[in-house]
Amino acid sequence: MTLLILFGVLLVAVAVGLPILLAIGLVGFSGMIAAPGVNPALFAQRIFSILDSFSLLALPYFILAGSIMSKGGLARGLVNFAQSLVGHVRGSLGHTAVISCMGMANVSGSSTAEAAAVGSIIIPSMRDNGYRSGLAASIVGTAATIGPIIPPSMTMIVYGAMTGVSIGGLFIAGIIPGIILGLMMMGTIRLLAMLPRYPELQARGPRASLRQIARATGGAWVALLAPVIILGGIFTGVFTATEAGIVACFYALIVSLVVYREIGIKDLYRILLDAAVTTGTVAGIIGMAGALGWLLSYLDFNVFVLSNLRAFTTDALLALILLLAVYILLTMFLESLAVLIVFVPIAAEIGRAFGYDPLHLGIILVVAAQLGATTPPVAVLLFVTTSIAGGRFIDTVRECVPFVLTLLFFLILLIVFPPLTTWLPGQLGR
């Protein structure tokens, strides 16, 4: 009964417009007051406890690195490079958006930052070339879901810190799925280009010459080198994921100031301030959701869910599908990071009970969270790209249906074929 009241209060708080951070904090603190045998002072202690993690130190560094790179010209270089490769095929600007998002995923680690960085460059160009605002926003918004899948990933860092799973192993596990998703998104654009309803996808430009490709590569090589330095250092053991965040910050700063020169010393104050605000918001959500998650564990919510799930089915695949259905439903209405933090202990318990590899489970949860981020009514990514495109949100929602279905099919593919996530970490001994 207490659990039902907690979730009821949370839904009401969100429905009346209370910010998700305050809503979760209100429910968590009230629950600790009402729960028998719990000292309310534990609320602050549990917030500090979940944030007191060396692994989570990587978050502010990657947030800052992503902020510097987004404003420092790396996104523009990647867009120009992608356009030189696919400018001659149907739907070239759509393909360019997907490839650019794959490139930015190697440095940003955040789907929202990726949607804003790539969208601000490619969406105006798409609109100038006849793309409807809804279609342009939907392509970039759904392509940005690749951001947390291809490493580095802030979502993977949170999952790894909470479960004790190797963050480096999670990063490796996300490489193949991220590439597959990018190819599937491009395949969807190619299929849509065959339909008369999408005349803007029929257009194609001239094939770039080798000289033009070389010039575009020269403008993007420092951006393309970033993942080699960041991920290479992690995979070879030169530095940890947290230390990789520091390296990423210095690399982004040097590249933006010296190579691209799109920012100056005077711009650093605004960049640092934006990164600090983002870090504070993310850390606040992690802390509040962590305290609520501890309360749910104390009230045996994990045991309650597991026992009812086992009573319903003993099939591991069906249990995972049911778990993900609830998870995706929650992310449609709540901030996906907050849902992930509350949901991870439950998912880990069910994963252990049914024998799922923690790396496989982690990647699936990351992908499922992105599916929720592109599905109304919340759909943060679609809100970001719609505001850039200057269109109506309902138009973006209508146009994004084929891409959301592609993302859903991709999630099913990962569930059915675990080696897509576990093979590469196994080969590299992670």
Original post:
For Ala116, which of the numbered conditions (1) buried (at least 24 other Cβ atoms within 10 Å of the Cβ); (2) closer than 26 Å to Pro177 by Cβ; (3) of a type in the set (A, V, I, L, M, F, W, C) fails to hold?
Top reply: (1)
**OP:** Tell me which residues, restricted to the range 384-403, are β-branched (Val, Ile, Thr) and either surrounded by fewer than 20 Cβ atoms within 10 Å (Cβ to Cβ) or part of a loop (DSSP other than H, G, I, E, B) (or both).
**Re:** Ile394, Val401
Original post:
Taking into account only those residues within the range 284-304 that are at pLDDT below 85 and surrounded by fewer than 20 Cβ atoms within 10 Å (Cβ to Cβ), which is nearest to Cys249 (Cα to Cα)?
Top reply: Ser297
Subject >> Matching residues in the range 378-408 - criterion: being over 12 Å from Ser138 (Cα atoms) and over 18 Å from the mean Cα position of the chain (by Cα) >> reply: Gly390
**OP:** Might you let me know whether the range 187-208 holds any residue that is buried (at least 24 other Cβ atoms within 10 Å of the Cβ) and either under 27 Å from Leu340 (Cβ atoms) or acidic (Asp, Glu) (or both)?
**Re:** no
**OP:** Can you tell me which residue among Asp267, Asp274 is assigned to a helix (DSSP H, G or I), farther than 30 Å from Gly168 by Cβ and in contact (Cβ under 8 Å) with a residue 12 or more places away in the chain?
**Re:** Asp267
**OP:** Scan the range 44-70 residue by residue and report those that are touching a Ser or Thr at 6+ places or on another chain (Cβ under 6 Å) and buried (at least 23 other Cβ atoms within 10 Å of the Cβ).
**Re:** Ala58, Ile63, Gly66, Ile68
Subject >> Wholly within the range 1-113, helices (runs of 4 or more DSSP H) carrying at least 2 residues that are within 25 Å of the chain's Cα centre (by Cα) and among the charged types (D, E, K, R) >> reply: none
Original post:
Here are Tyr269, Tyr260: which of them is modelled with pLDDT of 85 or more, farther than 13 Å from Ala338 by Cβ and surrounded by fewer than 20 Cβ atoms within 10 Å (Cβ to Cβ)?
Top reply: Tyr269
**OP:** Could you check, for the range 338-360, whether at least one of its residues is in a helix (DSSP H, G or I), β-branched (Val, Ile, Thr) and at pLDDT below 80?
**Re:** no
**OP:** Quick one: Leu381 ticks every box in (1) modelled with pLDDT of 90 or more; (2) surrounded by 23 or more Cβ atoms within 10 Å (Cβ to Cβ) except a single one, so which number is it?
**Re:** (1)
Original post:
Can you tell which of Gly73, Gly77, Gly91 is on the phi > 0 side of the Ramachandran plot and surrounded by 23 or more Cβ atoms within 10 Å (Cβ to Cβ)?
Top reply: Gly91
Original post:
Residue check: is Phe393 within 21 Å of Met184 (Cβ to Cβ), in contact with a helix residue (DSSP H, G or I) (Cβ under 6 Å, 6 or more places away or on another chain) and not polar (S, T, N, Q)?
Top reply: no
Original post:
Name the residues in the range 114-137 that are within 16 Å of the chain's Cα centre (by Cα) and of a type in the set (Gly, Ala, Ser), would you?
Top reply: Ala115, Ala116, Ala117, Gly119
Original post:
In the range 228-256, which residue that is more than 25 Å from Ile175 (Cβ to Cβ) and modelled with pLDDT of 85 or more is surrounded by the most Cβ atoms within 10 Å (Cβ to Cβ)?
Top reply: Leu253
Original post:
What is the one condition in (1) closer than 23 Å to Tyr198 by Cβ; (2) under 14 Å from the mean Cα position of the chain (by Cα) that Ala369 does not satisfy?
Top reply: (1)
Original post:
What single numbered condition from (1) part of a helix (DSSP H, G or I); (2) farther than 21 Å from Ile50 by Cα; (3) modelled with pLDDT under 80 fails to hold for Leu330?
Top reply: (3)
**OP:** Considering only the range 86-119, state which residues are among the β-branched types (Val, Ile, Thr) and within 13 Å of Ala65 (Cα to Cα).
**Re:** Val107
**OP:** Filter the range 148-184 down to residues that are hydroxyl-bearing (Ser, Thr, Tyr), within 11 Å of Val366 (Cβ to Cβ) and assigned to a loop (DSSP other than H, G, I, E, B), then give me how many there are.
**Re:** 1
Original post:
Does Asp395 count as closer than 26 Å to Ile180 by Cα and out of contact with any Asp or Glu (no Cβ under 8 Å at 6 or more places or on another chain)?
Top reply: no
**OP:** State which residue pairs qualify: first residue within 17 Å of Ile246 (Cα to Cα) and inside the range 143-157, second residue in a loop (DSSP other than H, G, I, E, B) in any location, beta carbons under 6 Å apart, and separation of 6 or more residues or different chains.
**Re:** Pro151/Gly174; Pro152/Gly109; Ser153/Gly109; Met154/Gly109; Met154/Ser110
Subject >> Tally of residues being over 26 Å from the mean Cα position of the chain (by Cα) and not in a helix (DSSP H, G or I) across the range 224-261 >> reply: 1
**OP:** Filter the range 114-147 down to the residues that are assigned to a loop (DSSP other than H, G, I, E, B) and not basic (Lys, Arg), then identify the one that is nearest to Gly205 (Cα to Cα).
**Re:** Asn129
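The values are calculated or read from the model by the stated rules, or taken from the named source; none is laboratory data. Source: prediction; values computed, not measured. In this analysis, Cβ positions are derived from the backbone assuming ideal geometry, glycine residues included, and neighbour counts consider all displayed protein chains.
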